[in-house]
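Asker: Mind looking over this structure? Questions follow.
The values are calculated or read from the model by the stated rules, or taken from the named source; none is laboratory data. Since the model is a prediction, treat every value here as computed from it, not as a measurement. Every residue, glycine as well, gets a Cβ built from its backbone with ideal geometry; the counts of neighbours run over all protein chains shown. Surface accessibility is based on the protein's heavy atoms, side chains included, excluding ligands, DNA and RNA. Shrake-Rupley method; radii C 1.70, N 1.55, O 1.52, S 1.80 Å.
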Amino acid sequence: MPNTPLRSGGPSARIAVIPGDGIGKEVTPVAVSAIKAAIARHRRHIEFVEFDWGADKFLRDHITLPERAVEMLRDEFDAILFGALGDPRVPSNQHAADILLGLRFKLDLFVNARPSELFHERLTPLKERTLNDIRLIVFRENTEGIYVGAGGFFKKGTADEIATQEDLNSRKGVERILRFAFDFARSHSHGTAGFQPASSTNKPLRLCMSDKSNAMTFAGDLWQRTFKSVRAEYPDIDSRHLYIDTLAMELVRDPRQFDVIVTNNLFGDIISDLAAELAGGLGLAPSGNIHPGCTSLFEPVHGSAPNIAGKGIANPFGSVLAAGMMLDFLGWREEAALLKQSVKAALHDEFTTPDLHGSKNTLEVADFLLRHISKHS
């Protein structure tokens, strides 16, 4: 995982569990069960504490994040396992913004890490691609950019209405996400279980910084100058720059050329979804919202999917893979690998839910994963 482990492989951890809304309530318990199975024989101990923060609580109690919730999570928990937020009963999605974006900003989770790895050739829409062709990670700046909500309306509701949305970038914010990405590229290499610590015989990963500095001249200038300064400290890393539109085209044309991609909040949101689709779709996409050495949050990317919530057909792979990222964050690499291997085994055997063209339900897939983990732990 792309960070400094919080406990460096210590024997215990305390995890906050927030299933949230929709299918988050169905897939998060599968991830918790997978973790329990993975640690059962490894002398690990995890205390799970579940919180009912989501649309039901918001509609019932008019509360999104309870008072001092952020401080509690920061001071009393090692990590957060998150489900999904979003409910048609809350059209404004206020609770989702307050909880998820609130935790990202208030816990200063400045790294959004999105690995994309092809687990089976049939999953990619690209022709004649192998497992080694799509193995990359996107690091998205997670606390600045256009998502900070700076902007407003002038003459709203009239024919002369004007809306502004400001893209905020600080030297501190840009430098720390770039430095994080360079450190990861230097300290990791490709392995049979994805990214692994680099050895003296491995080449560092390649790095690509992406922006739109030819059009967004002020923010882009800051990213360009900071990139030039930081990359000079990492002469061993093969690094380059691509405009975001070029990156999108190149990622589809030849994904083999990318290992580490680092970019801003908006572009990272978009390009990581593209990368996920190349590796099989959002149902297989985990993510980490990270501040190295501090309480960090891990979640699947797929959202709450209210159209299938309650039908028992939700795909738990993204949640289980996010749980694996969390275990890696805790320094528990062997247990993290078990979770990933269980997903790979299910895909190999085509034991999948309908979104991946399978016929199994959530509980059947969960049983497969747990049997595989227990057998190989």
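Asker: Mind giving me the nanometre distance, one decimal, between the label points for Phe154 and Asp367, set 7 Å out from Cα along Cα→Cβ?
Answerer: 6.3 nm
Asker: Sort Val49, Val30 by accessible area with a 1.4 Å probe, largest first.
Answerer: The most accessible residue leads, giving Val49, Val30.
Asker: Once the principal axes of the Cα atoms of segment 250-332 are found, what is the range along each, listed largest first in whole angstroms?
Answerer: Between the extreme Cα coordinates on each principal axis of segment 250-332 lie 40, 34, 23 Å.
Asker: Using the basic label-point model (7 angstrom from Cα toward the beta carbon), what is the Lys375 to Asp238 distance in nanometres?
Answerer: Each label point lies 7 Å from its Cα, and together they span 3.8 nm.
Asker: Taking all protein chains as present, what is the carbon and sulfur share of the accessible area of the chain, in % to the nearest whole number, probe 1.4 Å?
Answerer: 52 percent
Asker: Can you pull the accessible area of Ser319 for me, 1.4 Å probe, Å² to the nearest 10?
Answerer: My reading of the accessible area for Ser319 is about 0 Å².
Asker: Moving on. Rounded, prolate or oblate: pick one for segment 212-273, where a ≥ b ≥ c are the square roots of the eigenvalues of its C-alpha gyration tensor, a/c under 1.5 means rounded, and failing that, prolate if a/b is larger than b/c, else oblate.
Answerer: oblate
Asker: Tally Lys and Arg at +1 and Asp and Glu at -1 over the other residues with C-beta under 14 Å from the C-beta of Lys340: what net charge comes out?
Answerer: That sum, taken over residues with Cβ under 14 Å, equals -1.
Asker: In whole Hz, with x marking every Gly and Pro, tabulate ³J(HN,Hα) for segment 301-314 from phi via Karplus 6.51 cos²θ - 1.76 cosθ + 1.60, θ = phi - 60°.
Answerer: The phi angles translate into 8, 5, x, 7, 6, x, 5, 10, 4, x, 8, x, 10, 5 Hz.
Asker: Can you give me the Rg/Rh ratio for segment 237-377, using Cα atoms for both radii and the Kirkwood formula for Rh?
Answerer: Result: Rg/Rh = 0.99.
Asker: How much accessible area per residue does the chain have, counting only protein heavy atoms and a probe of 1.4 Å, in square angstrom?
Answerer: 44 Å²
Asker: If you wrap a convex hull around the C-alpha atoms of the chain and split its volume per residue, what is the figure in Å³?
Answerer: Hull volume over Cα atoms, normalised by residue count, gives 153 Å³.
Asker: Based only on Cα atoms, what mean projected area does the convex hull of segment 295-374 have, in nm²?
Answerer: Result: 5.5 nm².
Asker: Follow-up question, since we're still on this one. Could you grab the relative contact order for the chain? Cα pairs under 8 Å, six or more apart, rounded to a whole percent.
Answerer: Value for the chain: 25 percent.
Asker: Can you compute the modelled spin-label distance between Arg256 and Asp349, with each label point 7 Å from Cα toward Cβ, in nm?
Answerer: Between Arg256 and Asp349, the label points sit 3.2 nm apart.
Asker: My understanding is that a pair violates if its Cα-Cα distance is over 18 Å; which of Lys172/Lys228; Lys36/Lys57; Lys106/Lys172; Lys36/Lys106; Lys127/Lys340; Lys36/Lys311 do that in this structure?
Answerer: Violating the 18 Å limit, Cα to Cα: Lys36/Lys57; Lys36/Lys106; Lys127/Lys340; Lys36/Lys311.
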